[in-house]
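Peer 1: Here it is, the structure, as structure tokens.
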Amino acid sequence: MPKKDSLTIVASEVAACQSCDRLVAWREQVAAEKRRSYENETYWGRGVPGFGDPDASLVVIGLAPAAHGANRTGRMFTGDRSGDFLFAGLHRAGFANQPEATGLDDGLELHGAYITSPVKCAPPANKPTSDERANCRPYFARELALLTKAKVFLVLGNIGFAAACQELGVSPRPKFGHGVEHQLDNGITLVCSYHVSQQNTFTGRLTPAMFDEVMQQCRRHIDA
């Protein structure tokens, strides 16, 4: 009898995945060479699964692990500036017990939220190929299928939006835009936000106030 799928099983398979030669080589090279400020740390250097509350009503979808963030710490958005911005916003909105994420032992807990990405390994220049995205797709699809209580999908950036639309059967794909909402026939709501990347947050394209407004949108749909 086939073993029943679970987020724990998906996580273990993601961490062990060797499907993409380029991504495996890159994640391991980064983990071996390290950034000088982290030279005394042991890098994760593997695939990075999603994490959070398995009963989440909110699913946050990014793009891929950061080379010296999640590829170092082993948890999405943990240990980098993008995560600093994201978790502060989740904390203000009541989805995280603390506003920072530094490592697997930092005490962070998500309440009613789960964070994942369509690409599970850090890609060179943050640009996965179409074949690499396709190899990761089954993991992403299984995660979404297992999050049966999800009511809102918060997509960070157009690539995450495209991946979410693909898995949720949204066709034709609507236009992406910060703060734009798309209501699906099954009652799920897609909410769009600019990505929490340093490029966006340092230039003011995405501000804490803008992100708080998006989080309020998510909360309204969850509480409706």
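The values are calculated or read from the model by the stated rules, or taken from the named source; none is laboratory data. Worth saying up front: this structure is predicted, and the values here are computed from it rather than measured. When we count neighbours, we look across all protein chains shown, and the Cβ atoms used for this are built from the backbone with ideal geometry, even at glycine.
Peer 1: One residue is enough: does the range 186-206 have a residue meeting the conditions of a type in the set (A, V, I, L, M), farther than 20 Å from residue 89 by Cα and modelled with pLDDT of 95 or more? Quick ask: steps written out before the conclusion?
Peer 2: Keep residues of the range 186-206 that are of a type in the set (A, V, I, L, M), which gives 188, 190-191, 196, 206.
Right, trim to farther than 20 Å from residue 89 by Cα and you get 188.
The next check asks that each one be modelled with pLDDT of 95 or more; those that pass are 188.
The answer is yes; a qualifying residue exists.
Peer 1: I've got another one for you. List the pairs whose first member sits in the range 13-25 and is closer than 18 Å to residue 126 by Cβ, whose second member is of a type in the set (Asp, Glu) and assigned to a helix (DSSP H, G or I), and whose Cβ atoms are under 9 Å apart, counting only residues at least 6 apart or on separate chains?
Peer 2: 20/131; 20/132; 22/132; 23/132
Peer 1: Separate question: So residue 122 fits all but one of (1) in a loop (DSSP other than H, G, I, E, B); (2) among the small types (Gly, Ala, Ser); (3) in contact with a Pro (Cβ under 9 Å, 6 or more places away or on another chain); (4) at pLDDT below 95; what number is the exception?
Peer 2: (4)
Peer 1: For residue 154, work out the one condition from (1) buried (at least 17 other Cβ atoms within 10 Å of the Cβ); (2) in a loop (DSSP other than H, G, I, E, B); (3) touching a Ser or Thr at 6+ places or on another chain (Cβ under 7 Å); (4) not polar (S, T, N, Q) it doesn't fulfil.
Peer 2: All conditions pass for residue 154, except number (2).
Peer 1: Right, another one. Within the range 23-42, which residues are closer than 14 Å to residue 66 by Cβ and under 22 Å from the mean Cα position of the chain (by Cα)?
Peer 2: 23, 26, 27, 30, 31
Peer 1: Another question about this same structure. How many residues, within the range 190-224, are polar (S, T, N, Q) and crowded, with 20+ Cβ neighbours inside 10 Å?
Peer 2: Going through the range 190-224, the residues polar (S, T, N, Q) turn out to be 193, 197-201, 203, 207, 216-217.
Narrowing the set further to residues that are crowded, with 20+ Cβ neighbours inside 10 Å leaves 193, 197, 200-201.
Going through the range 190-224 one residue at a time, the tally reaches 4.
Peer 1: Looking at (1) under 27 Å from residue 18 (Cα atoms); (2) at pLDDT 95 or above; (3) within 14 Å of the chain's Cα centre (by Cα), can you tell me which one residue 85 breaks?
Peer 2: Evaluating residue 85 over (1) under 27 Å from residue 18 (Cα atoms); (2) at pLDDT 95 or above; (3) within 14 Å of the chain's Cα centre (by Cα) leaves (1) as the failure.
Peer 1: If you go through the range 79-101 one residue at a time, how many are part of a loop (DSSP other than H, G, I, E, B), on the phi < 0 side of the Ramachandran plot and not charged (D, E, K, R)? Talk me through it step by step, then tell me what you get.
Peer 2: Going residue by residue through the range 79-101, those that are part of a loop (DSSP other than H, G, I, E, B) are 79-80, 93-95, 97-101.
Now drop any that are not on the phi < 0 side of the Ramachandran plot, which leaves 80, 93, 95, 97-101.
Next, only the ones that are not charged (D, E, K, R) stay: 93, 95, 97-99, 101.
So the answer is 6.
Peer 1: Something else about it: Kindly establish whether residue 104 is buried (at least 21 other Cβ atoms within 10 Å of the Cβ) and either in a loop (DSSP other than H, G, I, E, B) or in contact with a strand residue (DSSP E or B) (Cβ under 6 Å, 6 or more places away or on another chain) (or both).
Peer 2: Details: buried (at least 21 other Cβ atoms within 10 Å of the Cβ): no; either in a loop (DSSP other than H, G, I, E, B) or in contact with a strand residue (DSSP E or B) (Cβ under 6 Å, 6 or more places away or on another chain) (or both): yes.
Spelling it out, it is not the case that residue 104 is buried (at least 21 other Cβ atoms within 10 Å of the Cβ) and either in a loop (DSSP other than H, G, I, E, B) or in contact with a strand residue (DSSP E or B) (Cβ under 6 Å, 6 or more places away or on another chain) (or both).
Peer 1: What are the pairs, 6+ residues apart or on separate chains, where a residue within the range 149-163 that is within 20 Å of residue 200 (Cα to Cα) has its Cβ under 8 Å from a residue that is of a type in the set (D, E, K, R) and surrounded by fewer than 19 Cβ atoms within 10 Å (Cβ to Cβ)?
Peer 2: That search, which allows pairs on different chains as well, returns 161/173; 162/173.
Peer 1: So which residues in the range 107-128 are surrounded by 15 or more Cβ atoms within 10 Å (Cβ to Cβ) and hydrophobic (A, V, I, L, M, F, W, C)?
Peer 2: Scanning the range 107-128 gives 108, 110, 113, 115, 119, 121, 122.
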